[in-house]
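Engineer: Below you will find the structure I want to go over with you.
The values are calculated or read from the model by the stated rules, or taken from the named source; none is laboratory data. Remember, predicted model here, so these are calculated numbers, not experimental data. Neighbour counts run over all protein chains shown; Cβ positions are idealised from the backbone, glycine included. Remember, those area values only see protein heavy atoms, side chains included, never the ligands or the DNA or RNA. Shrake-Rupley method; radii C 1.70, N 1.55, O 1.52, S 1.80 Å.
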Amino acid sequence: MEEAGRRLLQRRFTARLLPQLRLLVEECAAREGLNEPRRGEFVLAVDEIAGNAVEHAGGAGRLVLRRVGDELECRISDAGPGFSETVIPELLPGLDGAPKGRGLWLARLVADRFAVGPGTGTAGERGAVVTVAVRLR
């Protein structure tokens, strides 16, 4: 994976910090020239992924937002049990009334680039890293 890029934002977060994180991501995206409605979609996708990290991976995570070429890329990592992209449904989940699975499905839908990988915890492969990126247009 290409590591070159300009770091715009790096934060550790918990549930209490999610509203602030959303605002910071929105401000950075606007400053980099990501226009609506793509900016709103990107911020929502990042918020859903961060919320999943809090809910399913121990209550905290780490966000790194970068400008990589003509893309705005956000990586969210956590120290939870990890998961693979195969858990994300192909079709809109929750049509039966259950809201589970919509956040990652939505993030993958709006992203120009989306990936799920294993975390790199010091105690072996632990956690997950979710990358979502959109082209600046």
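Engineer: Do any residues in the range 64-79 that are in contact (Cβ under 8 Å) with a residue 40 or more places away in the chain have Cβ atoms under 8 Å from those of residues that are of a type in the set (Asp, Glu) and open to solvent by 50 Å² or more (accessible area, probe 1.4 Å), where the two are at least six apart or on different chains, and which pairs are they?
Structural biologist: Matching pairs, first to second residue: 68/2; 71/112.
Engineer: For the list (1) out of contact with any Phe, Trp or Tyr (no Cβ under 8 Å at 6 or more places or on another chain); (2) without any contact (Cβ under 8 Å) to a residue 40 or more places away in the chain, I need the number of the one condition that residue 13 fails.
Structural biologist: The single condition residue 13 does not satisfy is (2).
The rows are residues; the columns are (1) open to solvent by less than 60 Å² (accessible area, probe 1.4 Å); (2) under 25 Å from residue 84 (Cβ atoms).
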{"residue": "17", "(1), (2)": "yes, no"}
{"residue": "29", "(1), (2)": "yes, no"}
{"residue": "36", "(1), (2)": "no, no"}
{"residue": "42", "(1), (2)": "yes, yes"}
{"residue": "48", "(1), (2)": "no, yes"}
{"residue": "55", "(1), (2)": "no, yes"}
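Engineer: Further, regarding this structure: Would you mind telling me which numbered condition in (1) open to solvent by 30 Å² or more (accessible area, probe 1.4 Å); (2) over 19 Å from residue 15 (Cβ atoms); (3) among the aliphatic types (A, V, I, L, M); (4) modelled with pLDDT of 90 or more residue 72 fails?
Structural biologist: (1)
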